[in-house]
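Participant: Quick one: structure below, then a few questions.
Taken together, the values in this text are just the output of simple stated rules run on the coordinates, not laboratory data. Everything quoted here is computed from the prediction, not taken from an experiment. Neighbour counts run over all protein chains shown; Cβ positions are idealised from the backbone, glycine included.
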Amino acid sequence: MAVSNLKFPISSPRLPPTLQAGLIHLLAWALVLGLASGAQQIELDLNWRGLTLMQGLLAGSVSYFFALPAWWLVINLLFFPLLAQAQQWELAPHWYLAGLAALLLTQLGAVRNRVPLYLSSHRAKSELLRLLPTSPGLRFLDIGSGTGGLLAFLAKNRPDLVLNGIESAPALWLLSRLRLGTRASIALGDLWHVDLSRYDVVYAFLSPEPMPRLWQKAKREMPPGSLFVSNTFEVPGVKPDASIELHDLHRGRLLLWRMA
Ligand SMILES: C[S@@+](CC[C@H](N)C(=O)[O-])C[C@H]1O[C@@H](n2cnc3c(N)ncnc32)[C@H](O)[C@@H]1O
């Protein structure tokens with residue numbers, strides 16, 4: 001079998017990529033440290049950078065074989081080698097603090113709701129655009145609108161749409177506000193407090209975690225005939241009315257439900 005085919009299609013719908021990535025790091029460290037102490041040839045202090053390089057290579061390869069999304073592959077490959085490099089640069093502590101603050105401001109959703117930031121691919125946006133009903137003035141909501149990329153794409157290609165977003169991470173909210181100006185109304189807040197009854201189309205690209213509760217909310221609030229679209233993440237036990245393979249880096253699908 002060609003090496004390129006050696007992938008396990010097990011991007012588990014239960015384990016979010018963040019957790020999979022963390023487990024892969026632990027596994028890679030266990031292997032590298034086991035190897036180092038077993039051979040008893042590598043002095044941990046002296047070869048710290050070499051060990052982090054090995055760890056990065058292992059973590060990157062395992063991420064590839066386990067079919068994690070491409071950006072996780074890059075993160076897992078580079079995380080510890082870059083950390084080791086940063087130690088060499090002897091960065092002042094406030095840079096680490098600034099990094100942590102930036103992470104919190106952009107990844108608040110991941111900390112609070114187990115929904116990290118990753119962006120809809122171009123294919124996802126194009127397919128969504130293709131399948132949106134053509135009736136003018138459609139009210140569209142992106143729940144967890146991130147950097148506003150999807151809304152910006154729709155603003156450009158469907159000037160008639162009434163565009164809305166809700167985002168819980170302050171830095172992302174600010175960025176999307178600046179990006180879209182008055183073209184979209186983007187609120188800073190929690191998606192669970194948004195009334196979905198005002199929208200014809202609700203788009204979610206979140207994670208497996210909130211899907212069961214979100215489906216209950218959508219069923220309760222969305223008007224008959226409206227469209228609920230989830231990028232990639234299923235509603236357990238509820239078959240979508242349509243499913244479109246995206247063949248993108250996320251190996252995603254658009255799942256569509258026409259609300260009753
Ligand atoms: C995977 S990103 C999707 C970004 C964008 N919708 C897109 O498709 O490109 C999910 C976003 O949801 C946000 N989020 C997570 N939980 C949220 C919540 N409870 N309320 C509002 N936004 C939330 C995260 O901060 C993140 O920006």
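Participant: By how many nm would the segment from R49 to K219 grow when fully extended, if each residue of separation counts as 0.36 nm and the alpha-carbon distance is taken off?
Facilitator: 55.9 nm
Participant: Among residues other than N157 whose Cβ falls under 13 Å from its Cβ, what is the net charge (Lys/Arg +1, Asp/Glu -1)?
Facilitator: That sum, taken over residues with Cβ under 13 Å, equals +3.
Participant: Once amide H atoms are placed 1.01 Å from N in the peptide plane, what residues at a sequence separation of 5 or more from I186, or on another chain, have their amide H within under 5 Å of its amide H?
Facilitator: Placed amide hydrogens put G165 under 5 Å from I186.
Participant: Describe numerically, in nm with one decimal, the distance between label points set 7 Å from Cα along Cα→Cβ at A260 and at Q85.
Facilitator: 5.5 nm
Participant: Quick one: Karplus J couplings for region 117-123, per residue in order, coefficients 6.51, -1.76, 1.60, θ = phi - 60°, nearest Hz, x for Gly and Pro?
Facilitator: 8, 9, 10, 4, 6, 4, 5
Participant: With respect to the cross-link table entries K156/K217; K156/K219; K217/K239, which display a Cα-Cα separation exceeding 21 Å?
Facilitator: As for pairs spanning more than 21 Å Cα to Cα, those are K156/K217; K156/K219.
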